[in-house]
Structure formats: structure tokens, C-alpha cells
Amino acid sequence: MRQLFKNFLILLVFSVLVLPSECALKGSLEYKIPIDYTKIDIEELELKGDNYYSLSLQNKDGKIDENITSALNIYTILSNAEPENISYALRLGKLYEIIKKDRWAKANYYRAMGIDKSRPESYFYLAELYYNREQYRKSYKMLIKAQEKGYSEHQNSIEMMKKLNKKLGL
């Protein structure tokens, strides 16, 4: 009985102390749960995702609420179901930007660029992220790329360029 208790205690200490640090060193926690994405109703999930996304855009304090959590979950599922859909990557990027998870936001914007380099939205959203974080030179570079890809006449792009020219003294 004593040996059983000792083994249990060792297992408990190992699972509490070693496993979380193992996950932290790897940078992720992997779940091996198979999901059959063919059985998902994409249109219905998109409608729900759009609703939560719209509500999430109203979040100004950067705190995680149930709308952001739901939107992140839905767009992650949709992104896994249709990895070539640039809209899901852009929306995930914007959601992570709202909660100030810049690393994840940038990763999704760059993933969107990898899906289709000719689309200006990912460059513009990245320019917005850099601007909001007061990294004006990086913002300027991304905005130039967005304009080269077709955002030169976009009203938000024009306004941001004016602000950046003022901030950078150009």
C-alpha cells in the first residue's frame, strides 16, 4: 500500500511539474483528436462566425469575452476545414489583434499573404496592426505594399498614408 501511494505521488508530481513545462518548451499543446471536416456545415458555421466577429469588433478594451472566444473557435475550425480561404486567416488575425496577441495576429496575416500574395487586404491589416502599435516605419512599408497590390484608391489606405506621412515627417 505504501509503494502504491509513493508511485501515485511521483506520478502526480511529474504530471503537475514536468508536463506543463514540456508543453511550454515546445510552444504548443497538441491534441490528437480526429475531426472529419466534411461533416461540418460550412455555411451555417460561417453565419455564426460572422455574427460573433461583428460583435467582437465592438470590443475596445482588448479583453477576451465570449464573442471573441466563440469567433476564434469558429474561424479556427473553418480555417482547418478550408485552409486556402484567405478570409478566415484575415479574420483570425483581426481577432488576435483585438486581444493584443500580436504574434498570432501577424502569423495569420502572413499566412493570408502566403495563400494569395496578390490580395492587398493582408498587407493593409498588417499595416494597421503596426500603426496601432506605433511601429510607423513597418506600417509604412506594409501600406506601400498594400497600395501596390490595389489599395491605392481605398479610402482607409489614403487616410492612413496621410497619418503616416505626418508621423514620419515625409
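The values are calculated or read from the model by the stated rules, or taken from the named source; none is laboratory data. Small disclaimer: the values here were computed from a predicted structure and weren't measured. Don't worry about glycine lacking a Cβ; one is built from the backbone with ideal geometry, like all the others, and counts go over all protein chains shown. Just the protein is used for accessible areas: all its heavy atoms, side chains included, with ligands, DNA and RNA removed. Shrake-Rupley method; radii C 1.70, N 1.55, O 1.52, S 1.80 Å.
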Between residue 66 and residue 152, the two model label points (7 Å from Cα along the beta-carbon direction) sit apart by a distance in nm of 4.8 nm
Expressed as a whole-number percentage, the relative contact order of the range 46-170 with C-alpha contacts under 8 angstrom and at least six residues apart is 16 percent
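Please arrange 54, 122 by accessible surface area, largest first, computed with a 1.4 Å probe and ligands excluded.
On the way: 54 65, 122 0 Å².
My answer, sorted largest first, is 54, 122.
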Heavy-atom accessible area of residue 63, protein chains in place, probe 1.4 angstrom, given in Å² to nearest 10, is 130 Å²
